Each structure stands twice: as C-alpha cells, then as structure tokens.
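Presented below is the structure to which this report refers.
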Amino acid sequence: HDTVAAYHPGFYGKPSSQFSYERRVESSAFVDPASCDTYFAGGFYGGATAKVLGVWDRFLSLVRQDAAKDMIAEWHDESYMNRVWCSSPRDGLLSRMPSSA
C-alpha cells in the first residue's frame, strides 16, 4: 500500500457524531462529522516514504494555517491527521486490534 491509516480504538464502531473531530469551523483541522465515517489514530499510519512525506506536507500546511490565526486544533496532531485522512484517499485502513485479556 502507498499509504495506510488505522482506526482509533477508542472510537471504533461508534457513530461519527461521537468522534472527537475538530469542531471549530475556523480551524484548518475542522472535519464535518457527516463527511467522514472513520476516526483515525493520530500516531499510527505509514506507507511508502514519498507518499507519507506528502501526507506530512498536507499536515504541516494545515498546522501553519492555524498558527497564522494564532490557534491550534483541540487534539493537536491527531486533529490535523484526521483532517488529512478524511479528505485524502488511503490505500489501506487497518482495523481494530484485538484487546488484551
């Protein structure tokens, strides 16, 4: 896969209305819950180096846009990554890992 992302285990199987997307419309990280049906784990993704660097370019652009407005998304990097993943195609989506007993 060129890029993969993972479900956030705390939101797996829940309706998008319960996801912790950035809700402030003025933030570059804003995600309308009706527009995306997955909440992604902020720190677990990967893929081909060039493709992941492209994801990071989009991520950094969003962070800089908010910094210019003197704001930061509520859940920081995870909010920006959810914006990137919700608005970009992914080749793979890693499903929930089984819980330890």
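Scanning region 48-101 for residues that are part of a loop (DSSP other than H, G, I, E, B), closer than 18 Å to SER20 by Cα and open to solvent by 40 Å² or more (accessible area, probe 1.4 Å), we see that the one that is modelled with the lowest pLDDT is ARG96.
Looking across region 1-40, the residues that are assigned to a helix (DSSP H, G or I) and either open to solvent by less than 40 Å² (accessible area, probe 1.4 Å) or without any contact (Cβ under 8 Å) to a residue 12 or more places away in the chain (or both) come down to SER16, GLN18, PRO33.
The values are calculated or read from the model by the stated rules, or taken from the named source; none is laboratory data. Since the model is a prediction, treat every value here as computed from it, not as a measurement. Glycine also receives a Cβ, built like all others from the backbone with ideal geometry; neighbour counts cover every protein chain displayed. Just so you know, the surface numbers come from the protein's heavy atoms only, side chains and all, with ligands and any DNA or RNA stripped out. Shrake-Rupley method; radii C 1.70, N 1.55, O 1.52, S 1.80 Å.
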